[in-house]
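Below is one structure, written out as structure tokens; comments come after it.
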Amino acid sequence: MQKIIKFLAVAFLVLFLAACGSEETQSGNENGNNEASNGGASEEEATESGSSYPEGPVTFYVQYSAGGATDLAYRQFFAVAEKYLGETVVVENVTGGGGTVGLSELARREADGYTLGNTSLQPLTITPHNQTVAYTVDDFTYIGGWGKYLYGIAVKADAPYADYAEFLEASRENPGMAYSDSGPGGITTLGMMMLDQAEDNVPSWKSIGFDGGGEAMSALLGGHTAFGINNPGAYKGAIENGDLRLLLSLSDARWELSPDTPTAREVGYDFDITSWLAIGGPKGLPDEVIEVWSDVIQKTIADPEFIEVAENMDLPLDWMAGDEYGEVVKEMYDVYGELIEQLNQ
């Protein structure tokens with residue numbers, strides 16, 4: 001009888017423990033499901049999203065000083081882009097060498113998508129022809145361009161030219177007209193060389209270099225030069241005040257400041273000088289990183305909040321995919337290289 005009682009007691013204990021274990025397992029599964037439904041990233045959700053990047057902050061190199069036009073443009077860009085990326089972007093100003101130091105550092109970083117940078121045209125396509133740099137145009141993965149720096153020819157409001165055609169005729173009749181050049185040896189000088197060559201070098205426009213846009217603007221407004229070449233930001237106040245008139249956009253888009261002024265291509269030239277704000281990284285970025293950032297960039301430049309910011313900065317927005325942008329980089333590297341060789345002869 002005692003043996004039967006002991007056997008029943010043991011059996012009851014085993015059944016009791018099994019029941020408790022089943023309840024704990026069920027409770028754990030329910031809690032796990034609740035956590036997933038409340039925002040936790042389950043393995044199934046991660047698989048369905050197709051992307052686990054990024055899983056932490058992304059560092060972004062800007063090659064120019066804090067507070068400058070490029071730096072401010074990117075900080076405003078990322079203030080909006082972070083909501084689409086889902087992570088923080090930390091901007092680091094890696095300056096020096098006309099933007100080449102930042103690109104040199106970027107090229108050396110691991111191609112994991114957690115260190116990216118600005119891959120604008122000047123330090124990639126112009127500066128390497130004038131100084132030794134620690135990279136080539138093939139040392140980067142180009143994700144895409146998103147914003148444009150435009151350039152154009154402006155004259156004083158009382159200049160005797162109704163439009164670019166009259167200005168060009170005057171240039172042919174008076175070769176060697178001097179212009180205010182805020183970036184001697186850079187994209188503005190090379191743009192005017194391309195324009196001059198398109199006219200068989202008859203105008204022979206003469207670059208007068210200045211240290212920055214302020215001095216160049218003063219010389220133009222003071223009548224010390226016949227015209228100037230610069231960007232919308234530099235000319236905005238003077239155009240709005242009626243002190244300057246834009247005669248030609250040398251870029252691939254008209255200026256909002258002067259929407260009736262044609263582009264170089266619209267008057268018959270087969271080139272333009274347009275500089276881009278573009279995002280890239282070290283060579284060999286994973287496809288996943290490229291896809292994520294391509295999506296983030298396009299959503300950001302379509303965001304009404306950022307569109308308003310860009311308009312206030314006179315920064316036209318556009319999208320150029322990485323493959324296409326990479327081809328532009330290589331093409332302009334060759335074009336500018338030939339011009340610089342001629343300039344240095």
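Using θ = phi - 60° and the Karplus curve 6.51 cos²θ - 1.76 cosθ + 1.60, what whole-Hz ³J(HN,Hα) does each residue of segment 167-181 get, with Gly and Pro shown as x?
Each residue of segment 167-181 in turn: 4, 4, 4, 5, 5, 5, 7, 10, x, x, 4, 8, 10, 6, 10 Hz.
Between Leu221 and Asn312, what is the label-to-label distance in nm when each label sits 7 Å out along the Cα-to-Cβ direction?
If labels sit at Leu221 and Asn312, their model points lie 2.4 nm apart.
Thr136 versus Lys283, label points 7 Å from Cα toward the beta carbon: distance in nm?
0.7
Kindly express, to the nearest 10 degrees and within the range 0 to 90, the angle between helix 69-85's C-alpha long axis and the longest C-alpha principal axis of the chain.
On a 0 to 90 degree scale, this one is about 30.
Placing unit charges on C-beta atoms (Lys and Arg positive, Asp and Glu negative, everything else neutral), compute the dipole magnitude of segment 152-267 about its Cα centre in debye, rounded to 20.
The dipole magnitude comes to about 160 debye.
Would you grab the residues whose amide H sits under 5 Å from the one on Tyr151? Only those 5+ places off in sequence or on another chain, please, with H modelled 1.01 Å from N.
Here the answer is Leu250, Ser251, since their amide H atoms fall under 5 Å of that of Tyr151.
When the helix-only estimate is applied to the chain (DSSP H runs of n ≥ 4, each -39,500 (n - 2.57), divided by the residue count), what is the mean residue ellipticity at 222 nm, nearest 500 deg cm²/dmol?
Computed ellipticity for the chain at 222 nm equals -14500 deg cm²/dmol.
Calculate, in whole percent, how much of the Cα-Cα pair population of segment 282-345 lies beyond 13 Å.
Beyond 13 Å sits 74 percent of the P(r) for segment 282-345.
What share of the DSSP beta bridges in the chain is antiparallel, in percent to the nearest 5?
60
Taking 1 over the mean of 1/r across every pair of different Cα atoms in segment 213-335, what Kirkwood radius in Å do you get?
After inverting the mean inverse Cα-Cα distance, the result is 17.0 Å.
What pairs in Lys299/Lys330; Lys283/Lys330; Lys83/Lys330; Lys148/Lys299 have C-alpha atoms more than 21 Å from each other?
Lys299/Lys330; Lys83/Lys330
Expressed as a whole percent, how much of the Cα-Cα distance distribution for segment 152-267 exceeds 25 Å?
Tail fraction, whole percent: 11.
Rg/Rh for the chain to two decimals, with Rh computed the Kirkwood way over all alpha-carbon pairs.
1.27
Rounded to the nearest 10 degrees, what's the angle between the helix 287-301 long axis and the longest principal axis of the chain, both from Cα atoms, 0 to 90?
Here the helix axis deviates by roughly 60 degrees.
Any read-out appearing in this document is the output of simple, stated calculations on the displayed coordinates, not a laboratory observation. Keep in mind that what you see is a predicted model, and the values were worked out from it rather than measured. Backbone-built Cβ (ideal geometry, glycine too); neighbour counts: all protein chains shown.
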